[in-house]
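The values are calculated or read from the model by the stated rules, or taken from the named source; none is laboratory data. Just so you know, these numbers come straight off a predicted model, no measurement behind them. Cβ coordinates were reconstructed from backbone atoms using ideal geometry, including for glycine residues, and neighbour counts include every protein chain displayed. We work out accessible area using only protein heavy atoms, side chains counted, and drop any ligands, DNA or RNA first. Shrake-Rupley method; radii C 1.70, N 1.55, O 1.52, S 1.80 Å.
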Amino acid sequence: MSAKSNRYTPETAAVRAFVDPEMGTQAISPSMVMSVNHCFDPQQGAFSAQGVEDLSEAPYLYAGWSNPTVDQLEQRLAHLEGAEACLTTATGMAAIAGLFLSLLKQGDHLIISDVCYAGVYEFATQVLPDYGITVTAVDTSDITQVLSEVRKNTKLVHIETPSNPLLTLTDIKALASELKKSGTLLSVDATFSTPVITKPLAFGADFVVHSLTKFINGHGDVLGGAILGSKSHLNQVRARAGVYLGATLSAQSAWLIMRGMETLYPRMKTLCSSALSLATWLEHHPRVKRVLYPGLASHHQFALAQQQMTLFGGIIAFQVDDIDLIQQRFVNESHVFYYAFSIGHQRSLAVAMKTDELDQSTYHFTEEKRAAFRAFAGDGVIRLSIGLEATEDLQQELEHLLR
Ligand SMILES: Cc1ncc(COP(=O)(O)O)c(C=O)c1O
C-alpha cells in the first residue's frame, strides 16, 4: 500500500500502510533491525545533530539517532495521525519532557491544564521553573481562562483531552484558532483518545503527543511515547529531544508497539462500547454519586464530546459514597479488574485517585482550587480502564464490589 495513499480507511491503514513484503525474503511481518551501528560512507559527511537539516532523512548511523524499525513505527504513526512527521521516545513522559525542553527556554512561559497526568504536572510545576521557565496551570476546558493567561512570552499551551483522571475536555479547534492569533503553539496529549477517536492536528493543534504505553500498544508490555506534528517542528524536536536527551525508543519496543497498534481500531471499538454501557449502568447505581464519562449526556461537555470524539474512550471515573471501602474491595476481592495504575491494556484496571492524595503528591492546591476540585471530584474517583473482557463479566464484578 503506497505510503501516502488516502484511498483506504484508517482501519485498513493501521494494518497495511508501510508494511510491504520485504525485499529478498518477501516476508510480510516486519523484521526487527537490532543493530546499534550502521556502516556509512564518510564521503557523505560527518554527521552530528547540529549539522543535518532533516534528521529523519539522514542515513542510519547509530540507533540512538534513528533505526529502521523505529522509523517504520514513526511512519505508521504519522500516517494514522495525519501528521507530516513523528518522533518516538522511550516513554510518554520522555515525549512530553522532550517537547517542553526542545521548545522552551529561559524566560518563556508555559500554560498547562490544571488537571493532567501527575508526571507532567510535577515536571512542569516543580522542575521547569528551575530552568527559568514560568508555568501557569489553568482549567483548559474554559478557553477564556486560558486566553486570559496568555502573555507575550507564552510559547506553548499543553492540554490533555480527555484529561487524566477527571475526563474533562478542551475544545481543540476553538483553542487552536485563538492561539494562532498570538503565535502560541498548542500541544495536545491525546493518550486517552488515540487517533481512532480524535485527531488533534486536524483541529489545528501544532503537536499531538501520546503515551504509546497505553492504548496504542494496548497490551501492557512495553513503554513508549510519540510526538507528532509538522516536519519543521519535528526537526527541531528531533535534533534536541531525539539526540541529546537520549530517551530513544528501542527497536524491540518499536516492533511490539507496531504489532499492538495493528489491532488498535477493533480494540478501541470494543472497549469504548463496553465502557459506554458500563458508564450508563454505573450512573444508576445507588452507591455511585457521579460518573465522569464523555459519552454520557450528563457529562458537562457532552456536546463538545460529540463534536470532537468519534467514540468516547475506555476510561471511566466515578465517585462513590465510601471511597476507602470500595478501594479495599477492588484490592481484595476483584477477579477480573486488576488494582493497578496505568490504562489502556487488553485487561481492565482500576485504581482509586483520592483528592487528598493527589493534592499532597502532585497538585499542592490553593484553597480556592482545592474547593473547586472537591466540588467536581468529591473525595476522589475510582478510575477504570476498560479492557477487552466481556461487558457482562465486568458489570457482574462491579455489582459485587459495589454491593
Ligand atoms: C495522559 C498521559 N500522558 C502521559 C503519560 C506518561 O506516559 P508514560 O507512562 O508512557 O511515560 C501518562 C501515563 O499515565 C498519561 O496518562
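Key figures for this structure:
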{"item": "Å³ per residue enclosed by the Cα convex hull of the stretch 247-327", "result": "150"}
{"item": "Alpha-carbon centroid distance for the pair the stretch 91-110 / the stretch 183-225, whole angstrom", "result": "16"}
{"item": "Debye intensity ratio in log₁₀ form over the Cα atoms of the stretch 144-213, taken at each q of 0.20, 0.22 Å⁻¹", "result": "-0.78, -0.93"}
{"item": "At R0 = 22 Å, FRET efficiency that the Cβ-Cβ distance of Arg151 and Ala372 yields, to 0.05", "result": "0.45"}
{"item": "Rg/Rg_ref, the stretch 200-349, where Rg_ref = 2.2 N^0.38 Å and atoms are Cα", "result": "1.24"}
{"item": "Percent breakdown of C-alpha pair distances by 10 Å bin, ordered from the shortest bin, for the stretch 113-160", "result": "25, 58, 17"}
{"item": "Cβ-placed point charges (K, R +1; D, E -1), dipole of the stretch 10-261 about Cα centre in debye, nearest 20", "result": "200"}
{"item": "Spatial extent of the stretch 264-401: Rg and Dmax, with the Cα atoms as the point set, Å", "result": "14.9, 44"}
{"item": "Length-normalised contact order of the chain in % [C-alpha pairs under 8 Å, at least 6 apart]", "result": "16"}
{"item": "Candidates Glu84, Glu262, Glu392, ranked by Gaussian network fluctuation over the chain, Cα under 10 Å, top entry", "result": "Glu392"}
{"item": "Within the chain, helix-based [θ] at 222 nm, where runs of 4 or more DSSP H residues each add -39,500 (n - 2.57), nearest 500", "result": "-10000 deg cm²/dmol"}
{"item": "DSSP-defined antiparallel bridges as percent of all bridges, the stretch 264-401, nearest 5", "result": "90"}
{"item": "Solvent-free Debye scattering, log10 I(q)/I(0), computed from the Cα coordinates of the chain at q = 0.07, 0.08, 0.12, 0.14 Å⁻¹", "result": "-0.33, -0.43, -0.96, -1.27"}
{"item": "Under-5 Å amide H pairs with Lys289, H placed in peptide plane, nonlocal only", "result": "Gln319, Val320, Asp321"}
{"item": "Angle between the chain longest axis and helix 367-377 axis [Cα atoms, degrees, rounded to 10]", "result": "80"}
{"item": "Cβ crowding within 10 Å averaged over residues, with 138-147, 22-31 ranked highest first", "result": "138-147, 22-31"}
{"item": "Accessible area (Å², 1.4 Å probe, nearest 10) - Arg287", "result": "50"}
{"item": "Degrees separating the helix 251-261 axis from the principal Cα axis of the chain, which is the longest one", "result": "50"}
{"item": "Percent carbon-and-sulfur accessible area, the stretch 264-401, ignoring ligands, DNA and RNA, probe 1.4 Å", "result": "52"}
{"item": "Volume per residue of the C-alpha convex hull in the stretch 347-403, rounded to whole Å³", "result": "93"}
{"item": "Principal-axis tilt of helix 68-81 within the chain, Cα atoms, nearest 10 degrees", "result": "50"}
{"item": "Beta bridges by DSSP in the chain, antiparallel share as percent, to the nearest 5", "result": "60"}
{"item": "Sequence ranges 241-250, 270-279, ranked by mean other-Cβ count within 10 angstrom, highest first", "result": "270-279, 241-250"}
{"item": "For the stretch 182-189, Karplus couplings with θ = phi - 60° (6.51, -1.76, 1.60), whole Hz, Gly/Pro x", "result": "9, x, 8, 7, 10, 10, 10, 7"}
{"item": "Accessible area of the chain divided out per residue, in Å², using a probe of 1.4 angstrom", "result": "43"}
